[in-house]
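Okay, structure first, notes after.
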Amino acid sequence: MPGCARLLRHMISHRSVVTCLALILFSAALARPQSAPIPSPKSVLGFTPGDERTVAGWSQITDYFERLDRASDRVLVQTLGQSTLKRPLIVAFISARENILALPKYKEIQQQLADPRKVTSELQRDRLLANGKVVVTISCSIHSTEIVASQMSMQLAYELATAQDADTRAILQDTIVMLIPSPNPDGIDIVANWYRKTLGTQYEGKEPPELYHHYAGHDDNRDWFMLNLKETQLVTRLLWHEWFPQIVYDVHQQGSNGSRFFIPPFYDPPNPNISPLLLRQVGLMGHKVAADLQAAGFKGVLTNALYDTWWHGGFRTAPYYHNSIGILSEAASARLMSPSTVTTEQLARSSTRGMRNATEVSTNFPDPWPAGEWRPRDIMAMEMIAARSILSMASKFRGDYLRNFYELGRKNVELPANKGDTIAYLIPAGQARDEAVAKIVGSLVDQGVEVFRLDQELHVVLRSPMLQRTNPVTEKLGTYKIDGPLTAMQEVPLGSYIVFLNQPQRTNVLALFEPQIYPNRLTGQGEAERPYDVAGWTLPLQMGLEAPAVVAIRETASERKLTQVKDANQVRADLALPLKKGDESPIKNPLKQPVRIGIYKPWLSNMDEGWTRYIFDTFNVPYSSVRDADIRRGGLNSKFDAVILSSQSSTQIINGNVAGTLPAEYTGGITEAGVKNLKQFVTNGGMLICFDDSCDLAIKEFSLPLRNVLEGVRTSEFYCPGSIVTLEVDNKNPIAAMLPATVPAYFINSAAFAATADANVRVIARYAKQNVLLSGWLLGEDKLRGQIALAEVGAGKGRIVLFGFRPQHRGQSWATLPFIWNALSTATINSTE
């Protein structure tokens, strides 16, 4: 049996042809009597998942699934690869025995339904729809402090593997479940180890004082179009290259003091590229879950609040751009695996978009929870009901889900109806940003988007899509449209890349290449209503690449000479870049000379610091992490030429975790002594580089002749959450060398400076004086226009470089990375030279 299972895994992974002989062998093997009973999680772990003050680490979870694989003919476990820190990332396929036996067949059906161009007749289509199974992905605890779902996964798998009731049998017959215990194995161990370490102490239930993903922390669920992280790369290949699930359920936890459970429908605004049918299906499924929870006696279930479908890049938002249903649930958290007590007063103070407070009855929150003790067992029970509800829906409406999935893909491959509509996007050759081209094309191909290389010139009409303001710039609330002038028919050189819209992932291409226009949304008090995540993310802009829309091509389809790009290495070969081998990044160090770099790493987990390390590792720029104690100790000039403070508030950097909230070694920050040592470091010739929020420390503690003009401004006057804006660049300054006159930058409620004195302030870039917004949402444009975005200030023998924005945001904003490399390349040149 195990040998057959290994062969089946090989066939699933390598798309081998299933021969008659292989099927006979599998049938015989799977028909053998099982030699041992199917193990329950308790029999393996020594406790039942969800029990208070117990937690299974990653090796325990994978061990259980391996045992379940060996014992049950309904379960097959596959290792997708290794996580960032070299742990196995697994998926468990769960279905009826005969479906597990025929997984290669069902995988092929899914691939044909996902690409209707492979279906050549109505007869073939009807046969696929009749024989296919609804594939449902359930992913648990990507945010590993939201730990309960990873524990729940074992109990869910066990019950599906053993239950004999009619509903379970129908689920197993009609669906194929792909259960991912966690797409963040490293984080599960970080949290489990910390929880065990602090169990029974005053720190029990506190979150660990480090990022629970080596680079991204909470942002590991913001990487689903950029695909920077190994985990997102592995899961994306499983989902959008191999299996194409119709339904993706992403299981989360939220804060402790609000609703007990959120389930869709989502809050406004929706992304305009999401099919209305998908939004309806999401709502229908969410209401079914809410009704089942209510019927089971659970209170505090919330719908139509807080979480929206605007942003791209999350585990549950990416499916919409692959014609699939994405479901999110958010259960109220306990204290990791310890119970918590929530008071009525705490519930009354909990307010969010779509919910006045967690005690008030409303149509979308009809039965508030009355306060009391909240346990991991409560979380797990609600997640189990939600998972069973989704699977039951998938089973009962199998035919509908398969047909809707197919039809959405079919509509996407149709050509535009109107002359002048966008038919493709072009990434022209010769932009002198080959690494950025390799990254964007590689990311697109890795998520299943079709990209072609031009093997001979094409003649095209182009439009550069840009935001055009349609009301006076004097008005705080801007209104915009996407427009741009058409070019004459022009030649595009060979070696360019083109992304056609008539492909199954049409909406994904549009969502990544078009500028976003976030709607102006204000509260009743006139303040900006905060989006759930970012407002704009247009990928070519973030990468600093031209990617105009193609509205006409002179050559017919048969006259074009194109090569479809199969993988990221093919692009690198096309561009004569070093090829990726194994896990090592192939990108060459961009620094012009060796520089001793320290990146400040606080005990307050800071995602921006993690992304800074990610970028430096990706570009093979050596650095050392600098802890609070290192800065307090001083002597920084003997170790470093440059110290980088990623975006973090001055208070957090100086004070760190409050004494008594964590063990003493994790509290205290750099302290005033550390500030003094940073001043000495700069005075003696060091370079201090500050990103976004950390600029406040430099300005105030070093008494720099700058001020942040946005500090203290109400959101009714200025607001710009996660948007792309234009910089006007002085490229005569060495820090802006080789950069164009205008550069897109990522602004996420960031800073804008004005000089209080001219002395020692060298302005490298300003926010544009007009046409500031490129993608997203900008309220109060006048507050930003012309203000300083990037400056250098001399201090003693050294210099301070202040980025008002985040030049490495989430590892996506490659357009502004050259500022970092240029600054570091000058770090050994002190201000007196």
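Data table
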{"quantity": "Segment 764-782, subset surrounded by fewer than 19 Cβ atoms within 10 Å (Cβ to Cβ) and not acidic (D, E), residue nearest to I517 (Cα to Cα)", "calculated": "N771"}
{"quantity": "Residues of segment 782-810 classified as over 28 Å from the mean Cα position of the chain (by Cα) and assigned to a helix (DSSP H, G or I), total", "calculated": "2"}
{"quantity": "Members of segment 642-658 that are out of contact with any helix residue (DSSP H, G or I) (no Cβ under 8 Å at 6 or more places or on another chain) and assigned to a loop (DSSP other than H, G, I, E, B)", "calculated": "V658"}
{"quantity": "Which listed residue, of E360, E345, is of a type in the set (D, E), open to solvent by 10 Å² or more (accessible area, probe 1.4 Å) and assigned to a helix (DSSP H, G or I)", "calculated": "E345"}
{"quantity": "Matching residues, segment 386-421, being modelled with pLDDT of 95 or more and surrounded by fewer than 18 Cβ atoms within 10 Å (Cβ to Cβ)", "calculated": "K396, F397, G399, D400, R403, E407, R410, K411, V413"}
{"quantity": "Those residues of segment 435-456 which are in contact with a Phe, Trp or Tyr (Cβ under 9 Å, 6 or more places away or on another chain) and open to solvent by 20 Å² or more (accessible area, probe 1.4 Å), in sequence order", "calculated": "E435, K439, D446, G448, E450, F452, R453"}
{"quantity": "Yes/no for E475 being among the charged types (D, E, K, R) and outside any strand (DSSP E or B)", "calculated": "yes"}
{"quantity": "Residue list for segment 604-634, restricted to those being in contact (Cβ under 8 Å) with a residue 40 or more places away in the chain and more than 21 Å from G811 (Cα to Cα)", "calculated": "D628, I631, R632, R633, G634"}
{"quantity": "Those residues of segment 183-222 which are crowded, with 18+ Cβ neighbours inside 10 Å, under 17 Å from A664 (Cβ atoms) and among the basic types (K, R), in sequence order", "calculated": "K206"}
{"quantity": "Strands (runs of 3 or more DSSP E) contained entirely in segment 547-638, each with at least 3 residues that are buried (at least 18 other Cβ atoms within 10 Å of the Cβ)", "calculated": "549-553, 597-600"}
{"quantity": "Any hit, segment 464-487, residues being open to solvent by less than 30 Å² (accessible area, probe 1.4 Å), more than 30 Å from R572 (Cβ to Cβ) and at pLDDT 95 or above", "calculated": "no"}
{"quantity": "Some residue of segment 791-798 being touching a helix residue (DSSP H, G or I) at 6+ places or on another chain (Cβ under 6 Å) and open to solvent by less than 10 Å² (accessible area, probe 1.4 Å)", "calculated": "yes"}
{"quantity": "Hey, Y425 part of a strand (DSSP E or B), out of contact with any His (no Cβ under 6 Å at 6 or more places or on another chain) and buried (at least 18 other Cβ atoms within 10 Å of the Cβ) or not", "calculated": "yes"}
{"quantity": "Any hit, segment 259-280, residues being part of a helix (DSSP H, G or I) and open to solvent by less than 20 Å² (accessible area, probe 1.4 Å)", "calculated": "yes"}
{"quantity": "Residue in segment 693-700 that is within 30 Å of P602 (Cα to Cα) and surrounded by fewer than 18 Cβ atoms within 10 Å (Cβ to Cβ) present", "calculated": "yes"}
{"quantity": "Unique residue being in contact with a strand residue (DSSP E or B) (Cβ under 7 Å, 6 or more places away or on another chain) and either closer than 15 Å to P272 by Cα or modelled with pLDDT under 95 (or both) when the list is G524, G536, G544, G495", "calculated": "G536"}
{"quantity": "Residue count, segment 333-342 (criterion: more than 27 Å from the chain's Cα centre (by Cα) and open to solvent by less than 40 Å² (accessible area, probe 1.4 Å))", "calculated": "4"}
{"quantity": "Residue within segment 722-729 that is within 30 Å of I482 (Cβ to Cβ) and part of a loop (DSSP other than H, G, I, E, B) present", "calculated": "yes"}
{"quantity": "Test set (1) under 22 Å from T612 (Cβ atoms); (2) touching a helix residue (DSSP H, G or I) at 6+ places or on another chain (Cβ under 8 Å); (3) open to solvent by less than 30 Å² (accessible area, probe 1.4 Å) - F747 fails condition number", "calculated": "(2)"}
{"quantity": "Residues of segment 674-700 classified as over 23 Å from I748 (Cβ atoms) and either assigned to a helix (DSSP H, G or I) or of a type in the set (G, A, S) (or both), total", "calculated": "12"}
{"quantity": "Some residue of segment 237-255 being within 30 Å of R335 (Cα to Cα) and small (G, A, S)", "calculated": "yes"}
{"quantity": "Neighbours by Cβ (under 6 Å, 6+ apart or cross-chain): first from segment 779-800, under 13 Å from V713 (Cα atoms) and modelled with pLDDT of 95 or more; second of a type in the set (F, W, Y) and assigned to a strand (DSSP E or B)", "calculated": "L779/Y719; L784/Y767"}
{"quantity": "Helices (runs of 4 or more DSSP H) wholly inside segment 144-251 containing at least 2 residues that are over 30 Å from G536 (Cβ atoms) and without any contact (Cβ under 8 Å) to a residue 40 or more places away in the chain", "calculated": "166-174, 185-198"}
{"quantity": "Count - residues of segment 752-769 that are under 30 Å from L522 (Cβ atoms) and over 31 Å from the mean Cα position of the chain (by Cα)", "calculated": "2"}
{"quantity": "Residues within segment 47-96 that are of a type in the set (A, V, I, L, M), assigned to a strand (DSSP E or B) and open to solvent by 20 Å² or more (accessible area, probe 1.4 Å), tallied", "calculated": "1"}
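The values are calculated or read from the model by the stated rules, or taken from the named source; none is laboratory data. Keep in mind the model is a prediction, meaning the values are calculated, not measured. Glycine also receives a Cβ, built like all others from the backbone with ideal geometry; neighbour counts cover every protein chain displayed. The accessibility values were calculated without ligands, DNA or RNA, using every heavy atom of the protein model including side chains. Shrake-Rupley method; radii C 1.70, N 1.55, O 1.52, S 1.80 Å.
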